[in-house]
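Structure first, commentary second.
The values are calculated or read from the model by the stated rules, or taken from the named source; none is laboratory data. A quick note: this is a predicted structure, and the numbers were derived from the prediction, not measured. Here the Cβ positions follow ideal geometry from the backbone for every residue, glycine too, while neighbour counts run over all protein chains shown. These area figures cover heavy atoms from the full protein model, side chains too; ligands, DNA and RNA do not enter into them. Shrake-Rupley method; radii C 1.70, N 1.55, O 1.52, S 1.80 Å.
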Amino acid sequence: TLHQPGDELLPFIDDLLLLSAGHVVYHGALADADNAFAGFERPKGVNATDHYLELAADVDAVNVFIDRWKAAHPAGSVAAEDKVEAGQADTPAVAALCAPHAGLRQPGAGFLALVRRSFTATVLRAHKPSLVGRFVALNIIMPLIVGVAMYDQAGSVVTVQNAAFSFVMGVSFAAVMTPVMDLHLERLNFLREQESDAYSPVAYFAASTIAALPLDLLGMLVGCGVVYGLVGFRSDAGSFFLFVLAAFLQQQASTGVGYIIGVALHSLVVAAAFAMLVAVVFSTGAGVIVAPQTMDDSRWMTGLEFLAPTRHSMLLMVDEEMRHRPGGEELVKKVLGFDRAWDERWVLWLNLVAVVVAFRVFAALLFKLSTRPKTYRGADNATA
């Protein structure tokens, strides 16, 4: 492709496709373009591509051309937007450009197409070494560091807490940063497709969430297995399942926070810094850096306890390990200080699920509110 080719290159271009907000303004021979834009003649000496782009940027003018095109092609219009929906294109080059967007607006199948696109674009990534490197770093190296540092240290309630806290804190930092990076890479594509009404913002968020689940779950299984084995937690399938479930839910809650930050803050530098700050705040609410008894003296710290998924998942891991030991539950209460009504196991599970749902729903609402209004309104509704 060429970016606004000059007059010396125009004779070598045969076909022109001009789009605005995903709608076809003109598609045909370049030599016939001036005739198609009758009533908006190109001033003498002005480059053709500059003139066409200026017309496409003029809301009122472009509405006229879009309506002309649709009127001239009443049978669904042989437009690029329709060929994208049908998965067709005139040339291999156009087909390659249309492939990532094919089928997005088709009912039912469109959501599946969006899930596939999200899985390919943001989960598998275009650069395979970066995918493997990130997976190894977050789900093998980080758990290895925790496991080696706390190797065979599951003998006391304090070391069990330290191991669980170190692991969930690492998971929190990684999970909150991932969507911030993904949204930075996908933002322009997302906004462009929103203007063309390719799908709803909530559908994009849901597809991104579903697409990431297989790799998230696999990563948690690997990471939890490394930590669980090296630290020396209880050798029981049921306990390991609950350990993985607590870590997975905590990861999903932190990912929801990352989506909230990524949507609200467009600057990658600011969003990344804020994401790290939130992860630190959640870690503070876990009751390790600040003792639970100290938190009881502060309303905002007590509220932070309920919002911090790091706390819920860590305490569930500790509780599951200690409750099978003689006097283990009493040690959690007396030594660690988790003896309040909201430290009960069923309350912790309920709070953890609640923060996952709350953060995800809030992120979906932000997606909906962050989208820009569509440019095309139709000639009948255009303002002078």
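Yes/no matrix, rows are residues, columns are (1) more than 30 Å from Ala211 (Cβ to Cβ); (2) in the same structural domain as Phe190 (by the TED database); (3) at pLDDT below 75:
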residue	(1), (2), (3)
Leu2	yes, no, yes
Val25	yes, no, no
Ala29	yes, no, no
Lys44	yes, no, no
Glu54	yes, no, no
Ala57	yes, no, no
Ala61	yes, no, no
Phe65	yes, no, no
Ala99	no, no, yes
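From (1) at pLDDT below 75; (2) open to solvent by 70 Å² or more (accessible area, probe 1.4 Å); (3) not charged (D, E, K, R), pick out the condition that doesn't hold for Ala71.
Tallying (1) at pLDDT below 75; (2) open to solvent by 70 Å² or more (accessible area, probe 1.4 Å); (3) not charged (D, E, K, R), Ala71 fails exactly one: (1).
So which residues in segment 216-247 are open to solvent by 50 Å² or more (accessible area, probe 1.4 Å) and within 27 Å of Leu131 (Cα to Cα), if there are any at all?
Of everything in segment 216-247, those that are open to solvent by 50 Å² or more (accessible area, probe 1.4 Å) and within 27 Å of Leu131 (Cα to Cα) turn out to be Leu217, Leu218, Leu221, Gly229, Phe240, Phe241, Leu245.
When the residues of segment 349-384 are filtered to those that are open to solvent by 90 Å² or more (accessible area, probe 1.4 Å) and at pLDDT below 85, which remaining residue is farthest from the chain's Cα centre (by Cα)?
So the residue we want is Ala384.
Residue check: is Val202 assigned by the TED database to the domain that holds Gly285, outside any loop (DSSP other than H, G, I, E, B), in contact (Cβ under 8 Å) with a residue 12 or more places away in the chain and open to solvent by 50 Å² or more (accessible area, probe 1.4 Å)?
Answer is yes for this residue.
If you go through segment 364-372 one residue at a time, do you hit one that is within 19 Å of Ser172 (Cα to Cα), assigned to a helix (DSSP H, G or I) and assigned by the TED database to the domain that holds Gln250?
Within segment 364-372, not a single residue is within 19 Å of Ser172 (Cα to Cα), assigned to a helix (DSSP H, G or I) and assigned by the TED database to the domain that holds Gln250.
Tell me yes or no: at least one residue of segment 139-160 is polar (S, T, N, Q), modelled with pLDDT of 90 or more, within 22 Å of Leu352 (Cβ to Cβ) and assigned to a helix (DSSP H, G or I).
no
Considering only segment 320-348, state which residues are assigned to a helix (DSSP H, G or I) and either open to solvent by 20 Å² or more (accessible area, probe 1.4 Å) or more than 19 Å from Asn162 (Cβ to Cβ) (or both).
If the condition is that a residue be assigned to a helix (DSSP H, G or I) and either open to solvent by 20 Å² or more (accessible area, probe 1.4 Å) or more than 19 Å from Asn162 (Cβ to Cβ) (or both), then Glu329, Glu330, Leu331, Lys333, Lys334, Ala341, Trp342, Arg345, Trp346, Val347 are the ones that fit.
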